[in-house]
1. Here are B:119, B:138, B:92, B:114: which of them is more than 14 Å from chain A (Cβ to nearest Cβ), among the small types (Gly, Ala, Ser) and away from DNA strand D (no atom under 16 Å from the Cβ)?
2. Out of A:35, A:57, report the one residue that is near DNA strand C (Cβ under 10 Å from one of its atoms) and either surrounded by 12 or more Cβ atoms within 10 Å (Cβ to Cβ) or free of Cβ contacts under 8 Å to residues at least 40 places away in the same chain (or both).
3. Exactly one of (1) surrounded by 14 or more Cβ atoms within 10 Å (Cβ to Cβ); (2) under 17 Å from the mean Cα position of the chain (by Cα); (3) within 22 Å of residue A:108 (Cα to Cα) is unmet by residue A:84. Its number?
4. Test of understanding: among A:107, A:72, A:90, which residue is more than 13 Å from DNA strand C (Cβ to nearest atom), in contact with a Leu (Cβ under 6 Å, 6 or more places away or on another chain) and aliphatic (A, V, I, L, M)?
5. If only one of B:85, B:19, B:24, B:90 is of a type in the set (A, V, I, L, M) and in contact with a Phe, Trp or Tyr (Cβ under 9 Å, 6 or more places away or on another chain), which one is it?
6. Looking at A:16, A:28, A:95, A:48, which one is near DNA strand C (Cβ under 10 Å from one of its atoms) and buried (at least 16 other Cβ atoms within 10 Å of the Cβ)?
7. What number of residues within segment B:37-65 are away from every other protein chain (no Cβ under 12 Å) and under 18 Å from residue B:103 (Cα atoms)?
8. Does residue A:71 meet the test of being within 14 Å of another protein chain (Cβ to nearest Cβ), surrounded by 14 or more Cβ atoms within 10 Å (Cβ to Cβ) and within 15 Å of DNA strand D (Cβ to nearest atom)?
Number of protein chains: 2
Amino acid sequence: MVAGPLPTPSGPGKDRLRLWVRLLRASRSIEAELRERLRQEFNTTLPRFDVMAALYRVPEGMLMSDLSRFLLVSNGNVTGIVDRLVSEGLVARARRNGDRRTSMVRLTEEGSKAFAVIAAAHESWIGELLGNVSEDEARRLTGMLNSFRSNWEGRE
Amino acid sequence: MVAGPLPTPSGPGKDRLRLWVRLLRASRSIEAELRERLRQEFNTTLPRFDVMAALYRVPEGMLMSDLSRFLLVSNGNVTGIVDRLVSEGLVARARRNGDRRTSMVRLTEEGSKAFAVIAAAHESWIGELLGNVSEDEARRLTGMLNSFRSNWEGRE
DNA sequence: TTATGAAACTTCAAGCTTGAAATAATTTGC
DNA sequence: GCAAATTATTTCAAGCTTGAAGTTTCATAA
């Protein structure tokens, strides 16, 4: 995945392959740095941050399945992460009257406060780590990344 | 990480944050698709593919530590993946005379043949999944991604 | 009704991943 | 030479991740 043959290859499709390798290396580097800082500064993890970020947008909460779809991870995965967040008092499950299979998951008051602090740091880290990209360039890159999403997304 | 607040936020730094979210979602989607196909078609995993791809470039082999640096994963991680590849007969460890702490890890004949087949499929998958990106656009995107690597890389 | 199927979750085993601690071998400084 | 520091690797516990199998609840319809 990450490898790029050393005598730089050429041929049809090689440019896309190279793009993918770069994309993956970029996101892995940034992820590694964020994970490290989240651990050092806030004693938390990236998956927990992801879940809290998703919930922060929606005070009324989300279903487990919505959460898993939104975060692009499996159902069973979310169960474990939410379990840990619940045991830390940052997240709460609320059984619903209508459908007893589902439960709304939401940030607790404490979780919401904690997340706001972490999110502020997170945003400034991103600003630092992507500092070489101008705001304008960032917008253009974002647009280009959008364009190739449609190709495989929404198939499941 | 993946979350983007729904009432689209604005302000200084928001464009970089949005870029990061897109970048991460893009690479996660593609990774998920590749992982699925590697499993279905070749009964293997992304980490194993990564290790084999790294080794394929260098017939004489790599040290464990070079492998871990190259793949941006921890040392202990590589140990486990290489262990499994060795038990599958795809990779071999060779103790060196010079330095008995280290061992050269290389693809076996079988591993090399197997990888060539998988790599061809992989490249065509990438061509398919990034089909919306023209070759020209791919080159430009790659260049832009390069530009912001230097900002945090090579710090450790 | 009531069975049949679908949907929302959880559980589970296997594998991946990390950071820290442990081992072993080499290098450095005295 | 030899202690101390460094380097290369493995081991380990904890957590993340997946796909598959299992449970409970709901929806459909004969």
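1. B:114
2. After ruling out the rest, the residue left standing is A:35.
3. For residue A:84, the failing item is (2).
4. From the options A:107, A:72, A:90, the qualifying one is A:107.
5. Result: B:90 is the single residue among B:85, B:19, B:24, B:90 that is of a type in the set (A, V, I, L, M) and in contact with a Phe, Trp or Tyr (Cβ under 9 Å, 6 or more places away or on another chain).
6. After ruling out the rest, the residue left standing is A:28.
7. 5
8. When the stated conditions are applied, residue A:71 passes them.
The values are calculated or read from the model by the stated rules, or taken from the named source; none is laboratory data. These numbers come from a predicted model, not from an experiment. Here the Cβ is made from the backbone with ideal geometry for all residues, glycine too, and neighbour counts use every protein chain on show.
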